[in-house]
Amino acid sequence: MKKIIYPCFFMVLLSACSTLDLKPERAIDIPLNQSLFTYNEIILGEQDIFSLTQEQEAEFFNEYEKLLQQGLARHEALSAYLQRLKNNFTFYGKTNIATKSLSEKQGNCLSLSILTTALTRLTGLETSYREVTSSPVFQKNNNFISSSSHVQTIIYDPNFVPKEGVVYLSKPGIVIDYFPTKNSQQGPMFSFTKFLSMYYRNIAGDALMHKEPNKAFAYGEEALRIMPASVEAINFMALLHKTQLDNKTAEKLYKLGMSLDGSNIQIIHNYMILLAREGRSEEVHFYQEKLNVLDNPNPYLWLEQAYQSYHKPKQAEIYYKKALKNAPYLQEAYIGLAKIYFKGNNKKLAKEMIENALKWSYKKEEQQLYKKKLSILSALSV
């Protein structure tokens, strides 16, 4: 496991219907210290994010019409077009607008989802969005650590007509999964409003990691304007204020976020970092105990916490076990526990964990690696 160098802060930067509704879900007083930040550039608007050039539109429709002539339905034709595009697409961490994703054929999964949204608008197709949880992928830059999640876009069948008297759990459609990963789990569906807020939050996160706090604030504030109740955006803005040494505003934001979602693991973790740096050990202990008894069903959130607690093996052990409670197939958690037990000179338990990882392994290379580790442990135990 790659070690994480502290000091660091944890951010979820993502790493969403077709109608935009920007009305706040509820009135929320969000404490922001605007006097700390100045940003005079124009923030990209929705039209900038989802529009294509006339040349790009013409090229797309040329390919799209060919697929339709092959007998594909409209949503099938768009899916086929995206599959071809994905085969030549370079995945990397940057979030691009639709026109840049299409011209450069690179970006993260959110970039492709933005492009998909642009194309469904051109073709008049209906979409929705779904978050996917998977093993965390970390990126470290300027003492910040971001953990990426990814998004699926669902393109619905425009020809679907529900039969009278039949109950449908969902409308039929095609799931566009841009970056399928092992052991990924389907998360909740979410709105276009959240999807758009997610874009602004991603740009804000990139700006912060590249030491552009003014731009980070401007885009983070836009994410909150669109979705004031976004705990992820509130968490980000708290982190941003903390980097500007305004711990008072950061603390207010952390507390606001926790009042909206008391079981949000990331915001509790970040608040604990603030408390620890101020020497407030009793409060750190209180929130640590709170984390220890939380029952969040997403195993990958606990895996993230375990990775970041590598320097506290007892705490990391709790998190790995929480991950396994909800996902007994997570090899990463077994290997993490094996490392903890081996360092603690408990070779029997370390061996047991590797055996469990082997049981859930289906790749030949992984199986060979685990068997080699078991062989070494067996030799050491003699």
Checklist entry - So which of VAL151, VAL175 is modelled with pLDDT under 90, surrounded by fewer than 17 Cβ atoms within 10 Å (Cβ to Cβ) and within 17 Å of THR116 (Cα to Cα)? => result VAL175
Checklist entry - Of the numbered conditions (1) of a type in the set (Phe, Trp, Tyr); (2) at pLDDT 80 or above; (3) in contact with a strand residue (DSSP E or B) (Cβ under 7 Å, 6 or more places away or on another chain), TYR219 satisfies every one except a single condition; which is it? => result (3)
Checklist entry - Name the residues in region 69-95 that are in a loop (DSSP other than H, G, I, E, B), closer than 28 Å to GLY205 by Cα and not β-branched (Val, Ile, Thr), would you? => result ASN88, PHE89, TYR92, GLY93, LYS94
Next on the checklist: Regarding region 107-121, can at least one residue be identified that is surrounded by fewer than 16 Cβ atoms within 10 Å (Cβ to Cβ), at pLDDT 95 or above, over 30 Å from PRO213 (Cα atoms) and not aromatic (Phe, Trp, Tyr)?
Outcome noted: yes
Next on the checklist: Would you confirm whether or not region 79-92 contains a residue that is under 23 Å from the mean Cα position of the chain (by Cα) and under 17 Å from ASP48 (Cα atoms)?
Outcome noted: no
Next on the checklist: Given the condition part of a helix (DSSP H, G or I), touching a Lys or Arg at 6+ places or on another chain (Cβ under 8 Å) and among the hydrophobic types (A, V, I, L, M, F, W, C), answer yes or no: does some residue in region 210-224 qualify?
Outcome noted: yes
Checklist entry - If you go through region 260-276 one residue at a time, how many are at pLDDT 95 or above and not aliphatic (A, V, I, L, M)? => result 1
Checklist entry - So which pairs qualify, if the first residue must be in region 40-60 and on the phi > 0 side of the Ramachandran plot, the second must be assigned to a helix (DSSP H, G or I) and exposed (fewer than 10 other Cβ atoms within 10 Å of the Cβ), the Cβ gap must be under 7 Å, and the two must be at least 6 apart or on different chains? => result none
Item to check | Residue list for region 275-301, filter: closer than 22 Å to ALA229 by Cβ and crowded, with 20+ Cβ neighbours inside 10 Å | outcome: LEU301
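Rundown of residues vs (1) at pLDDT 65 or above; (2) under 23 Å from ALA323 (Cα atoms); (3) of a type in the set (Lys, Arg); (4) in a loop (DSSP other than H, G, I, E, B), yes/no style:
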| position | (1), (2), (3), (4) |
| --- | --- |
| VAL132 | yes, yes, no, no |
| SER146 | no, yes, no, no |
| GLY165 | yes, no, no, yes |
| LEU169 | yes, no, no, yes |
Checklist entry - Which of the residues spanning region 234-259 are surrounded by 18 or more Cβ atoms within 10 Å (Cβ to Cβ) and more than 22 Å from THR38 (Cβ to Cβ)? => result ASN235, GLU251, TYR254, LEU256, GLY257, MET258
Checklist entry - Of the numbered conditions (1) surrounded by fewer than 21 Cβ atoms within 10 Å (Cβ to Cβ); (2) at pLDDT 90 or above; (3) of a type in the set (Val, Ile, Thr); (4) within 17 Å of LEU110 (Cα to Cα), VAL231 satisfies every one except a single condition; which is it? => result (4)
Checklist entry - So which of GLU57, GLU104 is of a type in the set (D, E, K, R), in the same structural domain as THR123 (by TED's automatic domain parsing) and closer than 30 Å to HIS210 by Cα? => result GLU104
Checklist entry - Restricted to region 73-87, and to residues that are within 12 Å of PRO158 (Cβ to Cβ) and among the aliphatic types (A, V, I, L, M), which residue is surrounded by the most Cβ atoms within 10 Å (Cβ to Cβ)? => result LEU78
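The values are calculated or read from the model by the stated rules, or taken from the named source; none is laboratory data. Everything quoted here is computed from the prediction, not taken from an experiment. Every residue, glycine as well, gets a Cβ built from its backbone with ideal geometry; the counts of neighbours run over all protein chains shown.
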